[in-house]
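Below is one structure, written out as structure tokens, with a few remarks after it.
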Amino acid sequence: MMSTLDPGIFKAYDIRGLYGSQLDGDAAELIGRAFARVLSALASKPAPELHVGLGRDMRLTAPELSARYRTGLLAEGVHVTDAGQVGTEMLYYLVGSRELDGGLMCTASHNPAAYTGAKLVRDGAIALSGDAGIQDIHHLIESGLSSAPGGGTVEEVDLYEEFQAYVARFADPALIRPLKVVLDGGNGMAGPMVGPLLERLGLELIETYWTPDGTFPDHEPNPLLPANRELVIARVCESGADLGIAWDGDADRCFFIDDTGAFVDGDFLTALLAESLLRKRSDPTRPEAVLYDVRASRAVPDTVRAAGGTPYINRVGHAFFKTRMRAEGSLFGGEVSGHYYFREFFCADSGTIPALLVLEHVSRAGVSLSELLRPYRERYFISGEINSEVSDPEAKMAELAERYSDARQDRLDGISIDYDDWHFNVRPSNTEPLLRLCLESLISREDMERRRDEILALIRS
């Protein structure tokens with residue numbers, strides 16, 4: 001069995017690489033063993049006392065690799081609760097609802113078919129990260145794992161009905177009108193996970209790429225790439241649908257197309273979801289915290305305050321969101337990238353709950369999704385995230401700090417430069433020599449574009 005792995009597979013928030021050349025069955029078994037030892041240290045109990053959840057997505061290699069992850073866990077004496085083929089948030093539900101010590105989801109999320117990987121969580125469905133757990137797994141494997149005690153056990157469970165009953169309570173089906181909705185599952189896990197819930201709501205559903213297929217015959221399961229949204233946008237426009245919803249491969253993120261065929265930015269969706277949840281709280285006088293990331297539009301904190309909540313800015317990354325939400329008891333958290341976290345869902349991210357909440361919100365408002373978004377689009381002019389390759393990211397951020405020294409500045413995550421009527425954040429990539437720019441103007445689209453181009457010229461010079 002191989003004992004040296006490509007260090008490039010150990011990412012900031014998961015383990016991911018090309019099947020065969022970077023990550024194979026032998027590697028998966030080693031990762032399963034090392035994961036058990038990391039969880040043992042985190043839980044302060046021996047591995048044979050650990051209870052760990054396991055799931056896999058629809059990728060063609062997932063049955064093999066999931067079995068090898070399981071073999072590794074069992075070799076360390078762990079009790080494994082295997083949910084089989086599920087969406088990633090169902091693995092989070094398994095860990096949270098049964099108070100397990102951790103969980104491993106065999107998935108490469110939105111990546112192309114050739115990739116495989118694993119998302120790893122500890123107790124409470126809190127994600128391991130490069131700084132907390134993932135590199136420890138790498139180091140344990142590199143150091144050489146001693147002989148394993150064996151003795152682990154397996155329980156297989158079917159979570160679908162239980163999970164669907166749990167998340168269904170986030171929206172009131174009586175409030176949801178018979179909207180026409182285009183669904184794009186990207187041949188991922190959304191079809192079996194979310195489909196039965198939507199079918200019960202009296203909607204007119206137009207299902208596309210709804211059957212799990214790890215070859216991804218239609219398009220890659222990454223709706224953040226404009227090319228992968230073309231078909232769902234076209235179908236919304238052709239059918240006169242009220243909205244479209246697209247999911248990534250492991251279905252823990254969903255993305256929305258409004259009735260005009262326009263993509264809904266994650267900033268604005270975070271604002272809508274926050275407003276919906278704050279409206280639902282049983283005690284309107286109770287202060288509720290809402291997290292948003294450093295890239296986000298001011299639409300988010302403005303909306304949260306107007307709805308009676310308290311907004312808090314946070315570092316990008318699900319490990320940081322989940323940890324802070326649990327520490328502070330936050331109601332909700334949203335990231336520009338489409339990760340939405342819910343206190344009543346174990347502070348984990350979900351691609352099912354946002355779909356239900358948006359359908360309820362549009363129905364209750366009695367207007368189209370584009371009408372709900374118009375106040376945001378007419379006031380907040382955002383650039384989206386733009387990447388630039390640079391040789392020395394830290395030096396470039398220092399240059400930006402000096403150039404805009406008269407602004408309010410923050411170093412929570414990269415550098416944030418804040419003026420009254422415009423602001424931007426620049427963050428280095430965790431894995432590549434890139435700087436990522438997000439900029440917003442509160443004046444006009446033209447002002448946003450002018451300032452965006454000014455910043456990009458400085459970054460790329």
Residue 374, sole failed condition from (1) open to solvent by 20 Å² or more (accessible area, probe 1.4 Å); (2) farther than 17 Å from residue 267 by Cβ: (2)
Can you spot a residue in the range 304-316 that is closer than 18 Å to residue 438 by Cβ and charged (D, E, K, R)? yes
Out of 377, 364, I need the residue that is within 30 Å of residue 195 (Cβ to Cβ), of a type in the set (Lys, Arg) and not in a strand (DSSP E or B). Which one? 364
Selection from the range 176-207 of residues that are assigned to a loop (DSSP other than H, G, I, E, B) and within 19 Å of residue 231 (Cβ to Cβ): 185, 186, 187, 188, 189
Only one of these conditions is not met by residue 323: (1) among the polar types (S, T, N, Q); (2) under 21 Å from the mean Cα position of the chain (by Cα); (3) farther than 23 Å from residue 98 by Cβ; (4) in a helix (DSSP H, G or I). Which number is it? (3)
In the range 115-144, what residues are of a type in the set (S, T, N, Q), assigned to a strand (DSSP E or B), under 30 Å from residue 329 (Cβ atoms) and in contact with a strand residue (DSSP E or B) (Cβ under 8 Å, 6 or more places away or on another chain)? none
Any residue at all in the range 354-364 that is touching a strand residue (DSSP E or B) at 6+ places or on another chain (Cβ under 9 Å) and surrounded by fewer than 22 Cβ atoms within 10 Å (Cβ to Cβ)? no
So which residues in the range 320-335 are aliphatic (A, V, I, L, M) and open to solvent by 10 Å² or more (accessible area, probe 1.4 Å), if there are any at all? 327, 331
Considering only residues that are loosely packed, with under 15 Cβ neighbours inside 10 Å and basic (Lys, Arg), look in the range 377-424 and name the one that is nearest to residue 264 (Cα to Cα). 379
Residue 187: passes all of (1) in contact with a strand residue (DSSP E or B) (Cβ under 8 Å, 6 or more places away or on another chain); (2) under 30 Å from residue 344 (Cα atoms) but (1)
Taking the range 31-64 and keeping residues within 15 Å of residue 105 (Cα to Cα), hydrophobic (A, V, I, L, M, F, W, C) and open to solvent by 10 Å² or more (accessible area, probe 1.4 Å) leaves 58, 60
Taking residue 224 as the residue in question, decide whether it is hydrophobic (A, V, I, L, M, F, W, C), within 28 Å of residue 84 (Cβ to Cβ), modelled with pLDDT under 95 and out of contact with any His (no Cβ under 7 Å at 6 or more places or on another chain). yes
Please enumerate the residues belonging to the range 227-247 that are in contact with a helix residue (DSSP H, G or I) (Cβ under 8 Å, 6 or more places away or on another chain) and more than 19 Å from residue 365 (Cβ to Cβ). 246, 247
Please go through the range 274-300 and give me each residue that is open to solvent by 10 Å² or more (accessible area, probe 1.4 Å), charged (D, E, K, R) and closer than 16 Å to residue 342 by Cβ, ordered by number. 275, 279, 280, 281
Subset of the range 425-461 (residues that are farther than 20 Å from residue 411 by Cα, out of contact with any strand residue (DSSP E or B) (no Cβ under 9 Å at 6 or more places or on another chain) and of a type in the set (Ser, Thr, Tyr)): 461
Pick from 303, 310: which is over 25 Å from residue 255 (Cβ atoms), open to solvent by 10 Å² or more (accessible area, probe 1.4 Å) and β-branched (Val, Ile, Thr)? 310
Identity of the residue in the range 436-448, assigned to a helix (DSSP H, G or I) and touching a Ser or Thr at 6+ places or on another chain (Cβ under 8 Å), that ends up surrounded by the most Cβ atoms within 10 Å (Cβ to Cβ): 448
Looking at (1) of a type in the set (Gly, Ala, Ser); (2) open to solvent by 70 Å² or more (accessible area, probe 1.4 Å); (3) in a strand (DSSP E or B), which is the only condition residue 147 fails? (3)
Filter the range 247-263 down to the residues that are open to solvent by 10 Å² or more (accessible area, probe 1.4 Å) and either touching an Asp or Glu at 6+ places or on another chain (Cβ under 7 Å) or more than 10 Å from residue 354 (Cα to Cα) (or both) and list them by number. 259, 260, 261, 262, 263
Options 78, 95; residue that is closer than 22 Å to residue 144 by Cα, open to solvent by less than 40 Å² (accessible area, probe 1.4 Å), β-branched (Val, Ile, Thr) and at pLDDT 95 or above: 78
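The values are calculated or read from the model by the stated rules, or taken from the named source; none is laboratory data. Quick caveat, the model's predicted, so the values are computed rather than measured. Note that we place each Cβ from the backbone using ideal geometry, even for glycine, and neighbour counts take in every protein chain shown. Please note that ligands, DNA and RNA were not included when accessible areas were found on the heavy atoms of the full protein model with its side chains. Shrake-Rupley method; radii C 1.70, N 1.55, O 1.52, S 1.80 Å.
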